[in-house]
1. Quickly run through region 40-74 and pick out the residues that are assigned to a loop (DSSP other than H, G, I, E, B) and touching a residue at least 12 places away in the same chain (Cβ under 8 Å).
2. Quick one: in region 28-86, of everything that is among the hydroxyl-bearing types (Ser, Thr, Tyr) and over 19 Å from the mean Cα position of the chain (by Cα), which residue is modelled with the highest pLDDT?
3. Those residues that are under 9 Å from the mean Cα position of the chain (by Cα), of a type in the set (A, V, I, L, M, F, W, C) and under 11 Å from Ile55 (Cβ atoms), I need them from region 17-27; list them, please.
4. Please go through region 75-92 and pick out each residue that is among the hydrophobic types (A, V, I, L, M, F, W, C) and either in contact (Cβ under 8 Å) with a residue 24 or more places away in the chain or part of a loop (DSSP other than H, G, I, E, B) (or both).
5. Could you list, in sequence order, all residues of region 1-19 that are at pLDDT 90 or above and surrounded by 15 or more Cβ atoms within 10 Å (Cβ to Cβ)?
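The values are calculated or read from the model by the stated rules, or taken from the named source; none is laboratory data. In this text, all values refer to a predicted model and were calculated from it rather than measured experimentally. So basically every Cβ, Gly included, is an ideal-geometry build from the backbone, and we count neighbours across all protein chains shown.
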Amino acid sequence: MEAPKFAKRRKRQLLAVIPILAVVVLRVVLLKKQPETPLFGLPTELVIGAAIAVILGFVAFTLWNWRCPACNRYLGKGISPSFCPKCGVPLQ
């Protein structure tokens with residue numbers, strides 16, 4: 001049965017969103033209010049570089065993790081597919 005494997009992948013995917021939300025909060029709330037002020041004593045360029053690294057890491061993780069447990073093909077953009085769009089196996 002593929003549903004337990006999918007549930008584990010879905011949980012990992014949802015947990016991976018946490019650093020992305022942190023990047024968004026830092027960007028929108030802190031850097032937008034005071035763009036010239038160093039964040040946590042770090043230069044803005046370093047903070048932006050770290051944010052880009054987090055986003056690229058998330059994309060790489062998603063491409064590795066978000067796959068059908070049966071056919072190992074990418075599941076697409078949705079977070080709760082009921083079946084694999086490629087092979088049709090039920091996921092939930």
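1. First, the residues of region 40-74 that are assigned to a loop (DSSP other than H, G, I, E, B): 40-41, 43, 66, 68-73.
Across region 40-74, the qualifying residues are Trp66, Cys68, Pro69, Ala70, Cys71, Arg73.
2. Step one: filter region 28-86 for residues among the hydroxyl-bearing types (Ser, Thr, Tyr), giving 37, 44, 62, 74, 80, 82.
Applying the additional criterion that residues be over 19 Å from the mean Cα position of the chain (by Cα) yields 37, 44, 82.
On the way: Thr37: 61, Thr44: 74, Ser82: 91.
That would be Ser82.
3. Once the filter is applied, which keeps residues that are under 9 Å from the mean Cα position of the chain (by Cα), of a type in the set (A, V, I, L, M, F, W, C) and under 11 Å from Ile55 (Cβ atoms), region 17-27 yields only Ile20.
4. So in region 75-92, the residues among the hydrophobic types (A, V, I, L, M, F, W, C) come out as 75, 79, 83-84, 87, 89, 91.
If the condition is that a residue be among the hydrophobic types (A, V, I, L, M, F, W, C) and either in contact (Cβ under 8 Å) with a residue 24 or more places away in the chain or part of a loop (DSSP other than H, G, I, E, B) (or both), then Leu75, Ile79, Cys84, Cys87, Val89, Leu91 are the ones that fit.
5. The answer is Phe6, Arg9, Arg10, Gln13, Ala16.
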